[in-house]
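Contents: one structure, followed by commentary.
The values are calculated or read from the model by the stated rules, or taken from the named source; none is laboratory data. Because the structure is predicted, anything quoted here is derived from the model rather than measured. Virtual Cβ from ideal backbone geometry, glycine too; neighbours counted across all protein chains shown.
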Amino acid sequence: MLEICGLTKRFRSLTVVDNVSFVLRPGEITGYLGPNGSGKSTTVKMLVGLLHPSAGRILFRGRDIREDPAGFKRCLGYVPEEPNLYSYLTGLEYLQLAGRLRGLEEGGINRKANELLELLSLGEARWVPISAYSKGMKQRVLIAAALLHDPDVLIFDEAQSGLDIANGLLFRHLLQALAARGKTILYISHVLELVEKVCSRVIVIYKGRIVADDSVEGMRGLMNLPSLEEIFTQLVQQVDMAGRAGAISALIGAP
């Protein structure tokens, strides 16, 4: 179980994440939603150790992750929003590097890396430099690297970005299979339809604060709205998007 307790991040006088608390449980896929600038990415960067909190704690199995950051990272798999990879390496070489950094046994690294590349439809490209990969191929390499050491906690930040329809469907089923194995999963996405289908629970952050934390069904009943898209729009106080789109269309058509 991963517990986020009063997590806060300030950049000088600007508070980007403000006293955020929630719990991520094994076997659950938790969606983490919010508009751009709401504090999602900052929260994730604190969870994975890329930023230090200004206040608050992150507990894994009841223990502050700052007490053993290396130990926590061995239990963590993370797919960032942007696929920043060593482009001069091949897909297989990148996974071999990831496995060594995780302290995995050399023979096991090669076997599992090759099998993951095959299952993710990258077998024929395993010796091709990553610089020649499409964005979707890079995303699949990152997904493989996050899973290679069989972590207990998985954080996917827009991991489906760039995936084609077939691989997007595979990723959806993969999330459900990992949850069935008891993995703790935090899933960040702007694709609300996918979040609605795969997440057992949704947390919405707005202007650095949690404004909702419930199952999709619970939110529907509480707010009397039929879809996650309409619930999200209400929670983050979005303006009339159809009206704004009409105004843009009228503006560009004006003389």
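In segment 153-180, which residues are of a type in the set (D, E, K, R) and either touching a Gly at 6+ places or on another chain (Cβ under 8 Å) or outside the structural domain of Phe22 (by TED's automatic domain parsing) (or both)?
Asp164
Can you name the condition, by its number, that Leu33 falls short on among (1) at pLDDT below 90; (2) of a type in the set (A, V, I, L, M); (3) surrounded by fewer than 18 Cβ atoms within 10 Å (Cβ to Cβ)?
It fails just one condition, (3).
Out of all the residues in segment 139-161, is one or more of a type outside the set (A, V, I, L, M, F, W, C), in contact with a Phe, Trp or Tyr (Cβ under 7 Å, 6 or more places away or on another chain) and modelled with pLDDT under 90?
The answer is yes, given that some residue of segment 139-161 is of a type outside the set (A, V, I, L, M, F, W, C), in contact with a Phe, Trp or Tyr (Cβ under 7 Å, 6 or more places away or on another chain) and modelled with pLDDT under 90.
I'd like to verify a number: residues in segment 1-36 that are over 14 Å from the mean Cα position of the chain (by Cα), charged (D, E, K, R) and part of a loop (DSSP other than H, G, I, E, B), how many?
Residues meeting the conditions: 2.
Kindly establish whether Glu93 is more than 27 Å from Gly182 (Cβ to Cβ) and either touching an Asp or Glu at 6+ places or on another chain (Cβ under 6 Å) or not aliphatic (A, V, I, L, M) (or both).
yes
Return yes when Lys40 is touching a Leu at 6+ places or on another chain (Cβ under 8 Å), without any contact (Cβ under 8 Å) to a residue 12 or more places away in the chain and closer than 30 Å to Met137 by Cβ and no when it is not.
No.
Name every residue in segment 37-49 that is at pLDDT 90 or above and assigned to a loop (DSSP other than H, G, I, E, B), in order of residue number.
Val48
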